[in-house]
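Down below is the structure, laid out as structure tokens.
Each reported figure results from applying straightforward, stated rules to the coordinates on display, with no laboratory input. Since we're looking at a predicted model, the values are computed, not measured. Cβ: placed from backbone, ideal geometry, glycine included. Neighbour counts: every protein chain shown.
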Amino acid sequence: MCANAVTAKNRTSFVEPPITPSMPWRLKHLEALPDYRLFVRFLDGLEGYVNMKQFLFSDSAGVFSSLRDDKIFSSADLVYGAVTWPGELDLAPDAMYEQIKAHGEWDLH
């Protein structure tokens, strides 16, 4: 089920003193999956999926259109409890949390 686990490299550990995200909507686990999907788990244990394919291939993708490249998309990482990609792209973890809590997944359009 899991394509790329990226939680092993958590940049918060490089800060002195270490920053420990504590809001329940911060992420503690992330996996980039095939077909432009993410599996996420939050600090409070809530978990679900983020479906980005429809958004990424739409005219409104803007700067996120670079994530159409599978290799770039799969380089998703966690920084301070948020999903990030090279080029300073990130997803708002609080919005993600609310959608997953309400629907079990977040379909970006």
**Message:** Step by step: first the residues of region 56-96, then only those that are among the hydroxyl-bearing types (Ser, Thr, Tyr) and out of contact with any Gly (no Cβ under 9 Å at 6 or more places or on another chain), then the one that is surrounded by the fewest Cβ atoms within 10 Å (Cβ to Cβ). Which residue is that?
**Reply:** 60
**Selection from region 29-52 of residues that are of a type in the set (Ser, Thr, Tyr) and not in a strand (DSSP E or B)** = 36
**Message:** Every residue in region 53-101 that is of a type in the set (Ser, Thr, Tyr), under 22 Å from residue 27 (Cα atoms) and in a loop (DSSP other than H, G, I, E, B), please.
**Reply:** 74, 75, 80
